[in-house]
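Since the structure comes first, as C-alpha cells, the remarks are kept for the end.
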Amino acid sequence: MAEFKIKPLGDRVVVKPMEPEEKTKGGIILPDTAKEKPQEGKVVAVGRGKLDEDGKPIKMEVKVGDIVLYGKYAGTEVTVDNETYMILREEDILGIVVK
C-alpha cells in the first residue's frame, strides 16, 4: 500500500467514512437526501498519541485497518485526491467494530 498523504499529529486519526446503506433492511431504496451522514469508517492513518506528563507518547488504542464508530458531528472532513476523509481525535471514536 502506498504511503497515505496525511500524517495525523498527536492523538488524531484519519478515517475513510464507509458509504451509507442504499436501502433499508425492508428493501426500501433510499434517495441521497434521506441517507444519514456515515458514522462508521476505516482507519487509514494514526498519530503517535498524546504525551504523558513526562513527555512520553501514550499508545493509541486504534490502528490502521480498524473499523470504528464515531460521533455524528465529530472531527473535520477533508478531501484528498477527490476522496473524503475524517480527521478525528482518538477520544471522538466511540468504539472499534469487532467482527
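Coordinate-derived values only; no laboratory data. The model shown is predicted, which means the values in this text are computed figures rather than measured ones. Cβ coordinates were reconstructed from backbone atoms using ideal geometry, including for glycine residues, and neighbour counts include every protein chain displayed.
Can you tell me which residues in the stretch 46-75 are of a type in the set (Ser, Thr, Tyr) and without any contact (Cβ under 8 Å) to a residue 12 or more places away in the chain? Selection gives TYR73 alone. Picking from residues in the stretch 37-49 that are in a loop (DSSP other than H, G, I, E, B) and surrounded by 15 or more Cβ atoms within 10 Å (Cβ to Cβ), the one that is nearest to the chain's Cα centre (by Cα) is GLN39.
When the strands (runs of 3 or more DSSP E) confined to the stretch 53-99 are screened for residues that are under 15 Å from VAL14 (Cβ atoms) and among the acidic types (Asp, Glu), those reaching at least 1 such residues are found at 76-80, 83-89.
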